[in-house]
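The values are calculated or read from the model by the stated rules, or taken from the named source; none is laboratory data. Since the model is a prediction, treat every value here as computed from it, not as a measurement. Heads up, the Cβs are rebuilt from the backbone with ideal geometry, glycines too, and the neighbour counts pull from every protein chain shown.
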Amino acid sequence: MASLGNEGRVASDEPDRVAVAAAVTSLLKDGKARTAREIAASLAHLPGLTDVTKGNVNSVLYSELARNVRRDSEFRWFIPVTSVRAIPAAVETKAMHSDRGSLLRAVQRLRSGTPPSENVRRLTVGSERIGRAIGRWLTPGAPSRWLLISGDYGEGKTHSLTLIRDLAHSVGYATCQLNADASSSALNHPQRFLPVKLGTLELPGTPVSGYEDLLYRILSDRATVPAAARAVEKYLGTGRSADMGAQWAIEHILGMNQNQFGSDEHLRAIRAATFHLTGDSTRYRPGTPATRAGAYALLQVALHLIMQQGARGLVLLLDEVESVFTKLWNARSRFGAYRVMAALGHGEDFPDMKVAFAVTPDAEKCIREELDLNASTIDALSNEPIEAFHSSLATRFADIRCHGLRIEEREQLANRTKSLYDAAYPDSNISSEVWTAFSNEICAQSIPVRQLVRLVVDFLDTQRYGSRSVR
């Protein structure tokens, strides 16, 4: 007689997980997104898989196939085109296309005047000096948890942040990014930008794409749910509605047996927990002290769960900090932004989080002056140490000072851009004489780095398309 499992189910009746995983992979190779229910129905006609349920499919999707598959907002599953592990027989071909894909994406971002999020080290000039400063900052026990990058528009601040991202990943830090000038990202309202920031979460060595994805993976695995419950209990036990909603949803998941994992009820509970833990449930509330405290508590939970996944800590990359002045027109709003900057970069609640602030020199000067006059009078929570943040800022210069490149550095950057372009488009055939003449002309001009790179890419595009005139 077949033995019974922990939940009273006949163990020998369980479908072979290896067979289910192989069948799901084969089905999803066509690129079409399907729900777990649709996948189970498609597998039901296969020998040995007639009893496969939606729960069986969800079980392998969230475990054996977790690194290969992705899920859209409608809970439909698919294998990304760039997934290398999904089709073992085509590893070399997939890797080749995936690498070229990253090159093409980098060139496309350069066309639009934005730094690439991939292959950034290939385009970094003076990386030794910058790299040393970043390396010291990423070292455990560094004097400060926050880093200041200062430079005018187009002189490399965003590029420096991207380099920090790459270096942080290389030493085991997770990263999140926030453009403070974007919609719903004003620095004085942490409850509004928290979901935006966490949505950019990257965990090195994992396929996680955003904090919501991480939560789904944690709450879909019976072995990892208790750890999430402990984090929620530790940081969110205040009686706030968001706290109670997250606690109820996770307790509901804890009370489910194995057969219920992957069911509609389970997915609804995960969705409810995620709605609260990402900050979506509080993002439109007014910026009261209680709301700010709630946002910081949610960030503590996120940091705790990120480190449970093996990350060394979290590096937060804040771009366009000058929006404190371009976006927040009154002093009260700016004071609110300074409170949040102090909490993120200097607060004791986030000892394993580092923050890089990128700002223009004029805004940096104004921030220093405004804090000199008002730091001691700004009302703040205990975990918003604005006076300590001001004292630290007042006694230091920018850690990375971006400025225009010298002519030899511009030549180096132009050549590196061409090298990246040639790798992305190996069929391009530009004579060395034509390139040298253009490079000498463009690099002799004192133009912003961003404009220089765009002109190089435009020139290379023109030459590749066979045009004889270059404007």
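Numerical summary
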item	result
Test: LEU267 is within 28 Å of VAL60 (Cβ to Cβ) and at pLDDT 90 or above	yes
Residues that are in a loop (DSSP other than H, G, I, E, B), in contact (Cβ under 8 Å) with a residue 40 or more places away in the chain and within 18 Å of PRO80 (Cβ to Cβ), drawn from the stretch 205-224	GLY205, THR206, PRO207, VAL208
First in the stretch 36-50 and free of Cβ contacts under 8 Å to residues at least 24 places away in the same chain, second anywhere and among the hydroxyl-bearing types (Ser, Thr, Tyr), Cβ under 6 Å, 6 or more apart	ALA40/THR53; ALA44/THR50
Selected residue (criterion: surrounded by the fewest Cβ atoms within 10 Å (Cβ to Cβ)) from residues of the stretch 152-176 that are over 21 Å from the mean Cα position of the chain (by Cα) and of a type outside the set (Ser, Thr, Tyr)	ASP152
Conditions (1) closer than 16 Å to MET341 by Cβ; (2) assigned to a helix (DSSP H, G or I); (3) of a type outside the set (A, V, I, L, M, F, W, C); (4) in contact (Cβ under 8 Å) with a residue 40 or more places away in the chain; number of the one not met by ASP372	(4)
Test: GLY294 is surrounded by fewer than 17 Cβ atoms within 10 Å (Cβ to Cβ), out of contact with any Leu (no Cβ under 7 Å at 6 or more places or on another chain), closer than 25 Å to LEU215 by Cβ and among the small types (Gly, Ala, Ser)	no
Enumeration of residues in the stretch 236-274 that are closer than 19 Å to PHE75 by Cα and out of contact with any helix residue (DSSP H, G or I) (no Cβ under 7 Å at 6 or more places or on another chain)	ASP264, GLU265, LEU267, ARG268, ARG271
Residue, surrounded by the fewest Cβ atoms within 10 Å (Cβ to Cβ), within the stretch 186-204, restricted to residues that are of a type outside the set (A, V, I, L, M, F, W, C) and free of Cβ contacts under 8 Å to residues at least 60 places away in the same chain	THR200
Set ASP422, ASP458, ASP362: member being touching a residue at least 12 places away in the same chain (Cβ under 8 Å) and either more than 30 Å from PHE335 (Cβ to Cβ) or in a strand (DSSP E or B) (or both)	ASP458
Residue, farthest from GLY262 (Cα to Cα), within the stretch 19-74, restricted to residues that are over 32 Å from the mean Cα position of the chain (by Cα) and surrounded by fewer than 16 Cβ atoms within 10 Å (Cβ to Cβ)	PRO47
Within the stretch 302-321, considering residues that are among the charged types (D, E, K, R) and closer than 16 Å to PHE193 by Cα, the one nearest to the chain's Cα centre (by Cα)	ASP319
Where THR158 falls short, out of the listed (1) of a type outside the set (Asp, Glu); (2) in a helix (DSSP H, G or I); (3) out of contact with any strand residue (DSSP E or B) (no Cβ under 9 Å at 6 or more places or on another chain); (4) modelled with pLDDT under 90	(3)
Helices (runs of 4 or more DSSP H) wholly inside the stretch 225-338 containing at least 1 residues that are more than 27 Å from ILE149 (Cα to Cα)	225-235, 241-254, 264-277, 289-308
The listed residue being modelled with pLDDT of 85 or more and buried (at least 20 other Cβ atoms within 10 Å of the Cβ), out of ILE149, ILE130	ILE149
Residues satisfying the stated conditions in the stretch 375-415, i.e. among the aliphatic types (A, V, I, L, M), part of a helix (DSSP H, G or I) and over 21 Å from TRP146 (Cβ atoms)	ILE407, LEU413, ALA414
Residue check, ALA2 surrounded by fewer than 19 Cβ atoms within 10 Å (Cβ to Cβ) and modelled with pLDDT of 85 or more	no
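Table: residues versus (1) touching a Leu at 6+ places or on another chain (Cβ under 8 Å); (2) surrounded by fewer than 18 Cβ atoms within 10 Å (Cβ to Cβ); (3) not charged (D, E, K, R).
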| position | (1), (2), (3) |
| --- | --- |
| HIS346 | no, no, yes |
| PHE357 | yes, no, yes |
| GLU384 | no, no, no |
| CYS402 | no, no, yes |
